[in-house]
Structures are given as structure tokens and as C-alpha cells.
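Data first, discussion second: the structure below is written as C-alpha cells.
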Amino acid sequence: MSTFLSQQLIDGLAALTLLISFALLAQHRMLSVLHWFAAQGVLLAVTAALVAYSSGEHELYISAIMTFLLKGLLLPWMLWRVIRSLHVHREVEPLMNNGMTMMIAVVVTLFSFHVIQPIAVTSELMTRNSMAIATACVLLSMLMMITRKKAITQVIGFLAVENSLFFAAIGATNGMPLVVEIGIAFDVLVAALIFGLFFFQIRHTFDSMEVDAMNASLIHKDDEE
Amino acid sequence: MSSIFFQFLQALLMLLLAPLAAGFISTVKARLQNRHGAGVLQPWRDIRKLFSKEVVLADHASWIFRFAPYVVFTATVIAASVVPALLPDTPLSLTADVIALVALLALARFFLSLAGMDIGTAFGGMGASREMTFSALAEPAMLMSVFVLSLGAHSTNLTTMIHHVLSTPLLIQPSIAFALVAMLMIAVAETGRIPVDNPTTHLELTMIHEAMLLEYSGRHLALMEWASMVKILLFATLIIDLFVPWGLSLDANAAGICLALTLWLLKLSILFVVLAVLETGLAKLRLFEVPQYLGTAFVLSFLGLMIHYMLEVQL
């Protein structure tokens, strides 16, 4: 496979990653959010494998396999179990209406392209084109965290930020050192486990998964004291 | 001289083929639903029957109501004759600009809506207002998705764009894939097919396009129906021209034109079979979900635009 073709393929995958970030923002149902999140993980793994193949950095294969197992399978499954066992309402509840969120998302994408363009010119890597997209994905995932009411969707937004950062790392530096990557992967796993436990605690304490409701309940308690 | 002749022939072909295309779609749909179907020629029979029937006009109908079918039909046919089906280089190719094309279709739609409101029935006005709402969302999305392609070709002229696609080597261009998906979604909306509008519905409350035609009869109705059939063929040809133009004959010799004709018909039938499968598989969207559907198309074409700048323009 020539360098040119693999660059083309990586560009295509980058485009798909951006599409998935938009799709994550646009979903109404919890289950489809999880599906797209899993798809993002699988896509990341494919990208990592492709970059590993074309750049000859064999360590990236390991992180590709880890990404696939962890972000493509394990995390979505764990989140799904949490959602099912907590009987969280199956609809995503956004703070703004969907059209408004999409408009902001488009502006955010434009902004990150504008910011990254001067940096990308100086890069020599064949993945330099995808840097703007990786930045846009990070910002879009943050937007997802901001515009959702439920704690669970915010956590998915957080994990999506991590996914996009991983994508940025592949794009900007051909991947981080393996030790760092394994460390981050386990951090994310542990974070997800703790979040899972937290959800049960939160439900136990506040009887709700909505962040506003939690705040209200805390303020109410302060007043009583 | 011969090029003008070919131009004329091409327009005539579009016009004559349009009812057959509509018949083809409904036949494929019927087969998919385990029905026998009325045959490919049925739209032609309908048109012939309608032309021989007398026109029944409401007392309140003004000149706009009588005038509109001719305007709609002419504008649609002019638009269709401008889109290159077989030969990209024809005398009219200088006018084959996508923006002009959208304007011609907008003219047709404007008169269609006027006619819908002119008669003063509730359903006509309702159809007109829905058509205008959706077209206000669909047109920017359509232009945006065409712009993704014209950014590469540096032109909005269809002939120039076709030549650009034919002359560039095959690359994986994600932006074009995005534009294609957006364009397919918009084409479905603009031609009034499922999931946006149901062309065969008898339920007035769900109608969009049909609601405006409710009061028409005789040759007026025939022209309106024919125009909407031409519009389907026009959108299919436009999609073929923009995204898969390979096979168009660059000079007017017999062999080239025969090949172009065969390939065009083949691509058309693939597109129409896909449309029929989609129409069989999908349910009509709720009316209030249509803006979201069109918004998705807009976002997709906008993403195509961004990705073109991010990935495909060499810095």
C-alpha cells in the first residue's frame, strides 16, 4: 500500500470521526448514543492500526487492539449495564433544542479549523490534515458535556473527549509512547468504573440523575442546616 | 447545426422518458410489495387520458390558476433540457449553471404554490405553506452540497464541473461522499417522495405536493403530473452528472452517444431501484420531523465543505 493511498484512507477515517462526533450530538436516544460511542472506539482502533501499518511503528498495533477492546466493546457495554440497571429514562435530554446545538457545533468546527490551520502548515507528518478535525472533535465532545442534563450523557461526552484526544495524539505525533498509552487506557477504565459506582451512589442520595436536580437538592440541604 | 439538433433530441428524450421512469419506479415498488403493478407504461396512459378530458375550473379560479400549469411545465422542462444527460457540450451548456437550475425550479415551485392558494381551499393553502417551509430549508442545503463539488472545479457550471470530475484521477474524497449523501436526501425531499411526502397518498392531511394539485383536472393536471415526473428524472440526472459522470460522450459521434445512453439508462435504473427499495422500507416522517431531516442534510453538506478545506486543499 502506497503512502499516498494510506494518507487518503486516514483522511477518510478522519472525516468519519468528525461525522461521528456530530452524530453523537444529534442523537435522541440513550441507546443510539452508546452505539455511536462504540463506533467511535472501533474507528479509532482502525485509524491506529492504519497509522501503525503505514508509519511502521509497531507499538501502535498494541494500542489499536487495546482501543478496540476497551473503547469499542468494554466501555459501551459497561455504560449500557449501568443505564439498564438504574432504569434511567431512555431519552437524552438536551438543554437546548437540537437545531441550536447543531449551529453551535458548526461554528465550533469552523473555529477549530481556523485555529489549527497555521499549525498544520508547519507539520511534516502525513496525518497533519487530521489535526484540525481532532481539535474539532474535542470541542464537540465538550459541547456534548455542556448541553446535556443527565450525568450519564455527560460522562459519555467526557469519554468522547478522551477518544478525540487519542485521535489527536495519533494525528499529531504518530501516537504517544506505549507506557503512557497503557496508563491512560487504564485510567479511563478505572474512571468509568468509578463513574459507574458513583451513579449508583448518586441515585441513592438524590433520587435523580439530572445535574440540576442534584444542585437543587444540595442547596435545599444547606438551607435546612 | 447538429449540436442544436442533439440538444433538442436530449431535451425530448428527457421529456419522453420521464413518465416511463415514474412507471419504472412504481413497478419496482409494486414488485417489492408482492403486487403485480400497473406496468411501466401506466403514467403515459394516465397522461393521455387526462389530456383528452375536459378541464373543470372552479368559479373563483383566476388567471393564475389557469396559467400556472404552463409555467410549471415550461420551467421544469427548460431546467431538464439544460442538464446534460448524454452530451456535456451542447449549445445550452453555457447556461447549465446550478444556481440558474435551482432558480428555474424555484420559479416552478412559486407558481405551483400560488396556484394552490389561488382557489382558496384549505388544503391548497396548507400544501403551499408546507411546500414553501420545506423548500426554504432544502434549497440552501442543495446549493451547499453542490458548492462542495464546485469548490474543486472552480465553477458552478455543470459542464465545467463534469469536465473537472472526468479529468481528475480517482481519489478517495470524503467531502464528495458527504455531498452525495446530502444531495440524495435533498433529492428525495424536493421530488416529494417518501419519507418526506407520499406521492400516492389519498389522505389530505399528510399531503404536500398533492394538496396543491387537488383542484386541477384535465390537461392542467396532466401537465402538472408530467412536470413532477420530469423533475424526478432531472434530479436523478443531476446526481449522475455531478457524482458519477463517467460515460458521458464528449463528442457527438454515434458510438459515443450509444454508449452514453446505455450507461445513463443503467445508472438511472440503479438509482430508481434504490429509491424504490427505500420507499418500501421507510415510513413517512412526521411533518414536524422533516425540518430536522433537511437540517441533517444541510449539516452533512456543510461538513463536506469543511472537510474539503481541511483535508483536500493542499496548504
Checklist line | Simple spin-label estimate for A:VAL121 and B:ARG66 in nanometres, 7 Å along Cα-Cβ | finding: 6.6 nm
Next item on the list: With r as the distance between the Cβ atoms of A:HIS28 and B:PHE51 and R0 = 56 Å, compute the FRET efficiency 1/(1 + (r/R0)^6) and round to 0.05.
Entry: 0.70
Notebook entry, point to check: Rounded, prolate or oblate: which one fits the stretch B:199-315, using the alpha carbon gyration tensor with axes a ≥ b ≥ c (rounded when a/c is under 1.5, else prolate when a/b beats b/c, else oblate)?
Noted result: oblate
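Given 4 °C and 1.567 mPa s, compute D for the stretch B:51-175 with the Stokes-Einstein relation, Rh being the Kirkwood radius over Cα pairs; round to the nearest whole µm²/s.
Details: Rh = 16.9 Å.
It comes out at roughly 77 µm²/s.
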Check: For the pair A:MET145 and B:THR262, how long in nm is the line joining their label points, each one 7 Å along Cα→Cβ?
Finding: 6.0 nm
Next item on the list: For helix A:3-26, report the angle its Cα long axis makes with the longest principal axis of the Cα atoms of chain A; keep it between 0 and 90° and round to the nearest 10°.
Entry: 10 degrees
Margin query: How are the alpha carbon pair distances in the stretch A:22-111 distributed across 5 Å bins from zero to the largest one, expressed in percent?
Written below: 3, 14, 17, 15, 16, 15, 12, 6, 3, 0
Next item on the list: Take every Cα pair under 8 Å in the stretch A:3-224 that's 6+ residues apart, average their separations, divide by the length, and report that relative contact order as a whole percent.
Entry: 23 percent
Margin query: Averaged over its residues, how many other protein chain Cβ atoms are within 10 Å of peptide B:294-300's Cβ atoms?
Written below: 4
Item checked: chain B: mean projected area of Cα convex hull, nm² -> 16.7 nm²
Margin query: Averaged over its residues, how many other protein chain Cβ atoms are within 10 Å of peptide B:175-187's Cβ atoms?
Written below: 1
Next item on the list: Considering the options A:SER85, A:VAL107, B:LEU114, tell which one lies farthest towards the positive end of the dipole of the protein assembly as shown, charges being +1 on Lys and Arg and -1 on Asp and Glu at the Cβ, about the Cα centre.
Entry: B:LEU114
Item checked: Directionally averaged projected area (convex hull, Cα atoms, the protein assembly as shown), nm² -> 31.3 nm²
Notebook entry, point to check: Counting pairs of alpha carbon atoms under 8 Å apart in space and at least six apart in sequence, what relative contact order in percent does chain B give?
Noted result: 29 percent
Item checked: Paramagnetic label zone (point 7 Å from Cα along Cα-to-C-beta, B:PHE5; backbone N under 19 Å) in the stretch B:247-276 -> B:249-261
Notebook entry, point to check: Using Cα atoms only, what is the angle between the long axis of helix A:75-86 and the major principal axis of chain A, expressed in degrees (0 to 90) to the nearest 10?
Noted result: 10 degrees
Item checked: Counted charge near B:GLY120, where neighbours are those whose Cβ lies closer than 13 Å (Asp, Glu -1; Lys, Arg +1) -> -3
Item checked: Rg to Rh quotient for the stretch A:3-224, alpha carbon positions, Kirkwood Rh -> 1.01
Note to self: I need the helices of chain B that pass two filters: whole DSSP H segments spanning 15 Å or more by Cα along the axis, and mean Kyte-Doolittle score no lower than 0.5.
What the structure shows: B:2-32, B:63-82, B:98-118, B:122-153, B:174-190, B:218-243, B:254-281, B:290-307
Next item on the list: Report, in cubic angstrom per residue, the convex hull volume of the C-alpha atoms of the stretch A:1-46.
Entry: 50 Å³
Note to self: Can you compute the FRET efficiency between B:LEU16 and A:MET96 using 1/(1 + (r/R0)^6), with r the Cβ-Cβ distance and R0 = 60 Å? Round to the nearest 0.05.
What the structure shows: 0.75
Item checked: Sequence ranges A:2-11, B:228-237, B:283-292, B:211-220, ranked by mean other-Cβ count within 10 angstrom, highest first -> B:228-237, B:211-220, A:2-11, B:283-292
Next item on the list: Let me know the mean shielding of B:301-308 by other chains, meaning the per-residue number of their Cβ atoms within 10 Å of its Cβ.
Entry: 5
Margin query: Checking a compactness column here: for the stretch B:113-171, what do you get for Rg(Cα) / (2.2 N^0.38 Å), N being the number of residues?
Written below: 1.77
Margin query: Counting only helical runs of four or more DSSP H residues, what would the 222 nm mean residue ellipticity of the protein assembly as shown come to if each run contributes -39,500 (n - 2.57) and the total is spread over all its residues?
Written below: -25500 deg cm²/dmol
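Since every read-out is calculated from the coordinates, none of them should be taken as a lab result. In this text, all values refer to a predicted model and were calculated from it rather than measured experimentally. Cβ sites come from the backbone with ideal geometry, for glycine too, and all protein chains shown count toward neighbours.
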